[in-house]
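First comes the structure, then the notes that go with it.
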Amino acid sequence: MPIDLSNLGKPTELAVPLFVGLVLLEIIYGWKTKRIVFEGKDTFTSMFMGMMSGFAGIISAILYGGLALWIWSDLRLFDMGTDLWVFALAFVLADFSYYWIHRFGHRVRWMWAAHVIHHSSQHYNLSTALRQTWTSFLTPSFLFYLPIFFLGIHPAIVFFCLGLNLIYQFWIHTEVINRCPKWFEAIMNTPSHHRVHHAKNPRYLDSNYAGVFIIWDRMFGSFVPERDDDPCNYGLVTDLGTFNPLRVAFHEWLGIVKDIAGAKSWRDRILFLVAPPGWTPDGSRMTSDMIKDDWHARGDAKKVAAE
Amino acid sequence: MDPVQLIISFVSIALLALIAARLFPAKDILSAASAEADYQRYNPDALIDTIILGQDHQTALLLLKAPSDQLGIVTRLGDRLVCRTALKGDIASFSVNGDKLSIDNHDFTQPNISIRLNPGELTRAQNLITGFTATTGGSDAD
């Protein structure tokens with residue numbers, strides 16, 4: 001039975017009171033149990049970033065909504081309609097696209113400049129989920145969703161599913177829940193999987209990119225399980241020294257501009273934009289791969305010394 | 001975006017942050033031991049020689065045996081620590097005002113740090129950071 005797209009609404013806007021209520025509950029739970037720690041300024045920055053990211057969403061809709069509609073109306077391969085199964089398919093395809101956007105978001109500095117904001121807190125709680133980017137419209141993220149419109153799924157369905165995807169990802173930003181049932185951990189993204197994603201421990205860097213379904217990480221080799229003997233240490237490899245939202249939002253963009261301005265060749269200029277974060281022509285900074293290699297080498301050296 | 005919704009959101013955020021700040025007061029977390037442990041995690045190759053810890057426990061300077069061309073800086077941000085490694089030229093300038101040494105960095109997310117020290121350690125810290133300053137040295141504000 002077809003669903004009327006004009007009644008879809010905006011799921012993320014409807015969920016805002018729920019987000020606020022759950023953050024308050026988690027604060028009270030953490031205070032009562034001493035299991036979770038909040039920091040006032042960190043909480044403010046995270047939630048303020050989330051509130052202002054709504055404007056970035058509006059800019060994205062203006063810039064890319066028309067393109068999506070044009071592709072769907074003039075270039076689509078099939079007319080998929082608006083049945084419930086199309087919503088289900090759109091949800092899975094949007095999550096698959098999200099996985100790749102997120103993976104590229106960690107591996108390409110241009111996209112990392114927008115996404116780094118979400119990782120810039122040293123805390124991991126529900127307020128961290130709301131620490132969202134203001135600059136995603138400056139990246140090529142939207143291109144990853146275009147195949148869904150070519151396939152013939154209406155943009156309104158895709159945007160609705162992306163809203164649900166974002167709502168799902170809210171509850172996994174918590175240390176309140178340790179592990180979910182095994183079957184759930186096998187298929188779905190969970191607090192445990194996502195804690196690993198937010199950790200800066202060398203073992204955990206660049207892993208668990210999933211939005212809703214962790215199966216993408218298992219399929220494409222980026223899954224790393226959480227280990228009780230290596231507790232997650234949250235934040236960035238080089239943490240920010242500020243709570244100032246403007247500095248949080250734009251620091252990596254400024255870093256890119258500075259690096260490109262000081263680059264000696266066009267090759268270096270391009271690589272400062274598309275190479276992994278931390279790349280430099282002389283290797284003076286470290287990428288996540290270099291950090292992991294270094295950590296492995298250190299572990300091997302310890303083993304040899306022990307033998 | 002609806003302005004009323006925006007105002008309500010902002011007030012809610014401010015209230016939640018206030019509640020968090022009241023229920024979780026930031027503790028004095030920067031000590032010589034915590035500075036050493038966190039910096040060692042950040043820079044595992046570093047061999048730490050001496051730690052100059054500020055009297056207000058906001059900042060620590062770490063003199064390294066190796067690599068000797070680097071200076072470790074650990075600062076407190078709320079209830080967490082932030083580590084930096086300064087190389088020659090990374091510090092833009094510094095100034096001294098009473099017992100406070102203010103350091104301006106070429107770092108967008110941490111443009112300024114300060115450290116309060118007793119007179120002996122203040123002179124030592126000044127001498128130490130001069131080597132990492134882009135300009136020819138600091139200035140005395142007092």
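The values are calculated or read from the model by the stated rules, or taken from the named source; none is laboratory data. Quick caveat, the model's predicted, so the values are computed rather than measured. Heads up, the Cβs are rebuilt from the backbone with ideal geometry, glycines too, and the neighbour counts pull from every protein chain shown. All accessible areas refer to the heavy atoms of the entire protein, side chains included, with ligands and DNA or RNA removed. Shrake-Rupley method; radii C 1.70, N 1.55, O 1.52, S 1.80 Å.
Average projection, convex hull of the Cα set of segment A:170-285: 9.3 square nanometres. Ratio of Rg to Rh for chain B: 1.09 [Cα atoms; Kirkwood radius as inverse mean 1/r over pairs]. Straight-line cross-link partners of B:LYS88 among the lysines, defined as a Cα under 26 Å from its Cα and at least 8 positions apart when in the same chain: A:LYS258, A:LYS264, B:LYS65, B:LYS100. Counting only protein heavy atoms and using a 1.4 Å probe, the accessible area of A:VAL304 comes to about 100 Å². With all protein chains in place and a 1.4 Å probe, the accessible surface of the protein assembly as shown carries 64 percent carbon and sulfur.
Helices in chain A, meaning DSSP H runs of at least 4 residues, each add -39500 (n - 2.57). Divided by all residues, the mean residue ellipticity at 222 nm is -19000 deg cm²/dmol.
Tell me the Kirkwood radius of segment A:51-126: reciprocal of the mean inverse pair distance over distinct alpha-carbon atoms, in Å. Hydrodynamic radius (Kirkwood, Cα only) of segment A:51-126 equals 15.3 Å.
Counting only aspartates and glutamates at least 8 places from A:LYS302 when in the same chain, those with an alpha carbon closer than 16 Å to its own are A:ASP293, A:ASP294, B:ASP45. D by Stokes-Einstein for segment A:240-293, Kirkwood Rh over Cα pairs, 25 °C, 0.890 mPa s: 201 µm²/s. Along the charge dipole of segment B:20-83, Cβ charges K/R +1 and D/E -1, which of B:VAL82, B:ALA66, B:ILE51 sits furthest on the positive end? So the residue we want is B:VAL82. Only the Cβ atoms of Lys and Arg (+1) and of Asp and Glu (-1) were treated as charged; on that basis the dipole of segment A:76-163 about its Cα centre amounts to roughly 400 debye. Within straight-line reach of A:LYS303, meaning a Cα separation under 18 Å, sit the following lysines at least 8 residues removed in sequence or on another chain: A:LYS292. Rolling a 1.4 Å probe over the protein heavy atoms gives the protein assembly as shown an accessible area of 48 Å² per residue. Take the Cβ atoms of B:ALA92 and A:PHE220, set R0 to 56 Å, and the FRET efficiency comes out at 0.80.
Computed over every Cα-Cα pair of the protein assembly as shown and binned at 20 Å starting from 0, the pair-distance distribution P(r) comes out as 22, 54, 21, 2, 0 percent. Between segment A:245-307 and segment B:1-63, the C-alpha centres lie 24 angstrom from each other. Ordered from largest to smallest accessible area (heavy atoms of protein chains, 1.4 Å probe), the residues B:THR50, A:THR135, A:THR33 come out as A:THR33, B:THR50, A:THR135.
Among the residues of A:230-240, the average count of other protein chain beta-carbon atoms within 10 Å of the residue beta-carbon is 3. Taking every residue in A:47-54 and counting other chain Cβ atoms within 10 Å of its Cβ, the average works out to 4.
At a cut-off of 40 Å², which residues of segment B:1-44 become less accessible once all protein chains are present than in their chain alone, using a 1.4 Å probe? Residues shielded by partner chains are B:MET1, B:GLN5, B:LEU6, B:PHE10, B:ILE13, B:LEU16, B:ALA17, B:ALA20, B:LEU23, B:PHE24, B:ARG41, B:TYR42. When +1 charges are put on Lys and Arg Cβ atoms and -1 charges on Asp and Glu Cβ atoms, the dipole computed for the protein assembly as shown relative to its Cα centre reaches about 180 debye. Between A:LEU246 and A:ALA88, the FRET efficiency estimated from the beta carbon spacing at R0 = 30 angstrom works out to 0.15. Placing dummy labels 7 Å off each Cα toward the beta-carbon, the span from A:ASP294 to B:LYS65 is 2.0 nm. Other protein chain C-beta atoms within 10 Å of residue C-beta, averaged over A:107-115: 0.
Over all orientations, segment A:101-145 has a Cα convex hull whose mean projected area works out to 3.3 square nanometres.
Chains B and A together bury some 3200 Å² of accessible area, summed over both sides, with a 1.4 Å probe. Burial here means at least 20 square angstrom less accessible surface with every protein chain in place than with the chain by itself, probed at 1.4 Å; in segment B:51-78 the buried residues are B:LEU77, B:GLY78. Taking the Cα centre of segment A:1-76 as origin and assigning +1 to Lys and Arg Cβ atoms and -1 to Asp and Glu Cβ atoms, the resulting dipole is close to 300 debye.
Springs join every pair of Cα atoms under 10 Å in this Gaussian network model of chain B, and among B:GLY72, B:GLY89, B:GLY54 the largest mean-square fluctuation is at B:GLY89. Accessible surface ranking for A:TRP70, A:TRP134, 1.4 angstrom probe, highest first: A:TRP70, A:TRP134.
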